[in-house]
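Comments concern the structure below.
No value in this document is a laboratory result; all are computed from the given coordinates. Since this is a predicted model, take the numbers as computed values, not measurements. Reconstructed Cβ throughout: ideal geometry from the backbone, glycine too, with neighbour counts over all protein chains shown.
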Amino acid sequence: MFRLPSFPLYATLADKLGWWAVRALCVAVLAFLLAPILVMVPLSFSESSFLAYPIHGWSLKWYQNLFESPEWARATRNSFIVAPAATLIATVLGTLAAVGLSRADFRFKGLLMGILIAPMVVPIIVVGVATYLYFAPLGLADSYLGLIVVHAALGAPFVLTTVLATLAGFNHNLVRASLSLGETPLNTFFRITLPVIAPGVISGAMFAFATSFDEVVVTLFLAGADQSTLPRQMFNGIRENISPTIAAVATLLILFTTSLLLALEWLRGRRA
């Protein structure tokens, strides 16, 4: 429920106007950023074969076309094959790297950290070209394995950074106490460390999943026709024939992304 602010007694008229001006500016910026995204939602329910306003009639035929089309079904299936597999690999590797870096202190720790998070800052087109030139001689181009490995490499830095942030407030005396009582390091990790850092691990996994699910540039280089994912299918659809089915896909992806953000916010609240 919206509540009017209670200004202190010493607040002047300029202070109150400034408070409202800042919030009005924030709302305007938010609306400006969200408008291009939300404008796709009504178009997905249009009966017209063109992505255009005004909308003269409403229909669900583009959603029906999405679920009945073999190309879109294959792309959806591929996305839900590649993204979970890449997320699993990225989560395991990112978590282990974060735990190792948080405990160790060595000379080139900063350099190693920079290398591990390099996929976040290297231009994605460079990653696409480099991985294609490296994977093609190995027979990993046009394969699910190659696509999963690259997507895992792109998602692992997100897991690494979120888990490291969680470990910053971790009480390592709990680990020492567990080991001193006779527990093995593996049992200590699963029974002490992992439950404490679980919100960070899950948050990183969600970022890794979103990164893989949304990735298109590397997929254009590495994936063949049989490995086409949803973003690549949307790219092909825009290039060859702009169909309102793309608006239906975009609407479902907006709902999916919103669900991920709400889950992340819930996890952030639990961690706080």
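Here are some notes:
- For the pair V22 and R191, the difference between a 0.36 nm per residue extended length and the Cα-Cα distance amounts to 56.2 nm.
- With a cut-off of 15 Å on the backbone N, the residues of segment 200-225 near the modelled label site 7 Å out from I125 along Cα-Cβ are 216-221.
- Convex hull per residue volume in Å³, alpha carbons only, for segment 199-252: 90
- Karplus-derived 3J(HN,Hα) values for segment 86-103, using 6.51 cos²θ - 1.76 cosθ + 1.60 with θ = phi - 60°, are 5, 5, 4, 5, 5, 5, 5, 5, x, 5, 4, 5, 5, 5, x, 5, 6, 8 Hz; glycine and proline are entered as x.
- For segment 3-82, the list of chymotrypsin sites (Phe, Trp or Tyr not before Pro) that fall in a loop by DSSP and count at most 15 other C-beta atoms within 10 angstrom reads Y10, F50.
- Model label sites at T12 and A263, defined 7 Å from Cα along the beta-carbon direction, differ in position by 5.0 nm.
- Amide H contacts of S59 (H built 1.01 Å from N, in plane; Pro and chain starts excluded): S46, E47 sit under 5 Å, all sequence-distant by 5 or more or on other chains.
- Relative contact order of the chain, taken over Cα pairs closer than 8 Å and 6 or more residues apart, is 29 percent.
- Angstrom value of the Kirkwood radius, inverse mean 1/r, which spans all Cα pairs in segment 1-94: 18.7
- Backbone phi angles across segment 55-68, fed through the Karplus curve with coefficients 6.51, -1.76 and 1.60 (θ = phi - 60°), yield HN-Hα couplings of 8, 9, x, 10, 7, 9, 5, 6, 6, 5, 5, 4, 7, 9 Hz in residue order; Gly and Pro are listed as x.
- Taking the helices alone, the chain has a mean residue ellipticity at 222 nm of -24000 deg cm²/dmol, built from -39,500 (n - 2.57) per DSSP H run of at least 4 residues and averaged over all its residues.
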